1. Filtering segment 181-236 down to residues that are surrounded by 20 or more Cβ atoms within 10 Å (Cβ to Cβ) and of a type in the set (Gly, Ala, Ser), which residue is nearest to residue 282 (Cα to Cα)?
2. Could you grab me the full set of residues in segment 76-112 that are of a type in the set (D, E, K, R), part of a loop (DSSP other than H, G, I, E, B) and crowded, with 16+ Cβ neighbours inside 10 Å?
3. Got at least one residue in segment 267-286 being of a type outside the set (A, V, I, L, M, F, W, C), surrounded by 21 or more Cβ atoms within 10 Å (Cβ to Cβ) and on the phi > 0 side of the Ramachandran plot?
4. Go through segment 130-145 and give me each residue that's within 24 Å of the chain's Cα centre (by Cα) and either modelled with pLDDT under 95 or assigned to a helix (DSSP H, G or I) (or both).
5. For segment 165-179, check the following and say yes or no: at least one residue is over 25 Å from residue 63 (Cβ atoms) and loosely packed, with under 15 Cβ neighbours inside 10 Å.
6. Just checking, does segment 126-136 include any residue being surrounded by fewer than 24 Cβ atoms within 10 Å (Cβ to Cβ), farther than 25 Å from residue 54 by Cα and either in contact with a helix residue (DSSP H, G or I) (Cβ under 9 Å, 6 or more places away or on another chain) or of a type in the set (Lys, Arg) (or both)?
7. For segment 296-323, name all the residues that are charged (D, E, K, R) and within 19 Å of the chain's Cα centre (by Cα).
8. If I ask for residues that are touching a residue at least 40 places away in the same chain (Cβ under 8 Å) and of a type outside the set (A, V, I, L, M, F, W, C), which ones from segment 150-160 would you list?
Amino acid sequence: MYNHLVKLFIGGDMSEDSSEKTPGLNRRHFLSLCAAAVVSKAVGIVPAKAADARHTRPIPQSGEQIPVIGMGSYVTFNVGQDARLLTGRTAVLRAFFEAGGGMIDSSPMYGSSEAVLGHCLRQLGHPATLFSATKVWTWLSGAGDGQMKESRGLWELPRFDLMQVHNLLSWEDHLATIRRDRDTGLVRYIGVTTSHGRRHEELAAVMQSEPLDFVQLTYNIVDREVEERLLPLAVDKGIAVIVNRPFQRGDLIERLAPHPLPAWAEDLECRTWAQFLLKFIVSHPAVTCAIPATSRVDHMHENMAVRQGPLPNAAMRRKMIDYVRAL
């Protein structure tokens, strides 16, 4: 049933093979998304909820709602102790929270990003809407505990909302450590990540065998391999999906910049290519949150505006794909 509905929404082939393993709360939410897509088929959009104009999605395992646009910190927050750049990153983070932002994603791999995030959060008084997400990244299984403790110190947090195994590195040992931290109140949710569109077979195997709350993967209007297996699998397993590299680290926007947006993008309230690309991503019913990274306040405003207004349905998504493919 779930694979059928996911493929119906995105316009793929329909299969009779189904699974009913997803928790009831997630099932109801997913069915409501698909129903909205069917109702709005004639106009090609899924309207924003009248009572809540800002799009959120539930974490399947708990029902907790999080905004569909979060923030990544790779490269952009790796600015060391430069006072001018620290002030600029604090302004970016302020704009994020003022627009209702929640999830911020980082990693020990990202140079000084965690320390910079800690500095900025301290300047802003650690906003209550923060959903803190970072990773453990080390070959040494015994080093994971110390690395996660260091991250809590850098962010100046008593616990993380989400701890992920970065790029599946020594994932079996690190998942055991994260589960222990969850049991002692140091972590709320557990996840694993991939990027660059790599290691999909291994990720699918982990999703099948491990009780995960989140997965993080690469997905955008060009890199769509995950639509075939990983996104339907996430729905079937009740796993939240975080999308990284929504702009191919800026390459996709650079490629599209010389071309005009189609006139019908106005129906989606898209005024920039970034908004066009993000609305495509978060309109997929399996996606919980996308995490574009930026070092600019104006780009943050641009990204966060995607939380409002209509989202494309299946027919519009196909139209968006065809338009980009033809450029």
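1. Once the filter is applied, the top-ranked residue is 234.
2. Let us first name the residues in segment 76-112 that are of a type in the set (D, E, K, R), namely 82, 84, 89, 94, 98, 105.
Next cut, part of a loop (DSSP other than H, G, I, E, B) only: 82.
None - no residue of segment 76-112 is of a type in the set (D, E, K, R), part of a loop (DSSP other than H, G, I, E, B) and crowded, with 16+ Cβ neighbours inside 10 Å, so the list stays empty.
3. no
4. Those that are within 24 Å of the chain's Cα centre (by Cα) and either modelled with pLDDT under 95 or assigned to a helix (DSSP H, G or I) (or both): 137, 138, 144.
5. yes
6. So in segment 126-136, the residues surrounded by fewer than 24 Cβ atoms within 10 Å (Cβ to Cβ) come out as 126-132.
Now drop any that are not farther than 25 Å from residue 54 by Cα, which leaves none.
Within segment 126-136, not a single residue is surrounded by fewer than 24 Cβ atoms within 10 Å (Cβ to Cβ), farther than 25 Å from residue 54 by Cα and either in contact with a helix residue (DSSP H, G or I) (Cβ under 9 Å, 6 or more places away or on another chain) or of a type in the set (Lys, Arg) (or both).
7. From segment 296-323, those charged (D, E, K, R) are 296, 298, 302, 307, 317-319, 322; that's our starting set.
Once the filter is applied, which keeps residues that are charged (D, E, K, R) and within 19 Å of the chain's Cα centre (by Cα), segment 296-323 yields 302, 307, 317.
8. Filtering segment 150-160 for residues touching a residue at least 40 places away in the same chain (Cβ under 8 Å) gives 150-151, 154-155.
Residues satisfying the conditions are 150, 151.
The values are calculated or read from the model by the stated rules, or taken from the named source; none is laboratory data. The structure presented is a predicted model; accordingly, all values stated were derived computationally and were not measured. Heads up, the Cβs are rebuilt from the backbone with ideal geometry, glycines too, and the neighbour counts pull from every protein chain shown.
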